[in-house]
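All remarks here apply to the structure that follows.
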Amino acid sequence: MAGTKVRLHVDQPLGAGQAVAVAEGQANYLFQVMRLGPGDRVALFNGRDGEWLAEVAEAGKRRGILVCQALSRPQGAPPDLWLLFAPVKKERTNFIVEKAVELGVARILPVSTRRMNAERIRADKQVLHAVEAAEQCGATWVPGVEELQPLDRLLDGWATAGGPVRRIFWADEARAEAGGDTGWAAGRAGEPAAILIGPEGGFAPEERARLQALPAVTPVSLGPRILRAETAVLAALVLWQSRFGDWR
Ligand code: SAM
């Protein structure tokens, strides 16, 4: 298997000569699924110390030891972009989290809204999807995934959170229907930002009124057609990244 680039997120510190113990799930993946053995190499990252090339020193059925050899990539960071979205059905929510990591966000905040069409969301499971996506896409970080919280409560604290107020680009389907200015020109590269995507049923009138009244909120269009929530997430992230983020 030498030459295969397997990337693994671990919690332990990484550094030259550092031994990293892997336990059951990861050992099974490395040594049974990927069939790695002593002498084979994997890439490790922990979100703090960059990516390290590590060699398999011990490969057991249930555990193993990897030893860091050399830094292969310095620690990076995503643009300061948060994704706020109302969860949809399970598979589609998983898709949203995975794609948000690939497209580049710093933080993922599921929000509950009046017309939300999902029971609940397991943040711990979503963190696993985020880790897998980071392993696959080459990121040296894993964005935080928060517990579900009411949109109203998040907005209550928004302007008073300290530091520069983070602009919320609110994907507003009414703006799309109106045509004309898409709203995106209000943004600036390098400024902290968030994208807000509503539920399948759209935002309720009282939610719309509140968003319209908040100075931090900029309504934006995602084109002339109404997109499914998960498509809207992808479209908004691509638009933001290509205008203001690390794709420029
Ligand atoms: N039921 C809503 C309606 O018919 O108006 C559609 C909701 S849409 C499936 C889910 C979310 O995606 C919306 O709340 C909005 O945030 C976003 N969205 C979808 N298409 C959009 C567009 N063309 N422009 C801006 N936002 C859009």
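Descriptive notes on the structure:
- Helix axis angle, 229-244 relative to the chain longest principal axis, alpha carbon, degrees: 80 degrees
- Segment 186-238 - convex hull of the alpha-carbon atoms, volume per residue in Å³: 97 Å³
- Against the rule of thumb 2.2 N^0.38 Å, how large the Cα Rg of segment 1-119 comes out: 1.31
- Cα pair distances in the chain, grouped into 10 Å bins until the bin that holds the longest one, percent each: 7, 28, 30, 18, 12, 4, 0
- Rg/Rg_globular for segment 7-73, with Rg_globular taken as 2.2 N^0.38 Å and Rg from C-alpha atoms: 0.97
- Residue-span extension gain [Ala70 to Arg225] - 0.36 nm each, minus C-alpha spacing: 50.9 nm
- Long pairs among Lys61/Lys89; Lys5/Lys61; Lys5/Lys89, criterion Cα-Cα beyond 25 Å: Lys61/Lys89; Lys5/Lys89
- Only Lys, Arg (+1) and Asp, Glu (-1) charged, at Cβ; the chain dipole about Cα centre in debye: 220 debye
- Helical content alone sets the calculated 222 nm signal of the chain at -8500 deg cm²/dmol, taking -39,500 (n - 2.57) per DSSP H segment of four or more residues and averaging over every residue.
- Segment 81-244, accessible area per residue, ligands and nucleic acids excluded (1.4 Å, Å²): 45 Å²
The values are calculated or read from the model by the stated rules, or taken from the named source; none is laboratory data. Keep in mind it's a predicted model, so treat the numbers as computed, not measured. A quick note on method: Cβ atoms are made from the backbone with ideal geometry, for glycine too, and the neighbour counts reach across all protein chains shown. Heads up: the accessible areas ignore ligands, DNA and RNA and are worked out on the full protein's heavy atoms, side chains in. Shrake-Rupley method; radii C 1.70, N 1.55, O 1.52, S 1.80 Å.
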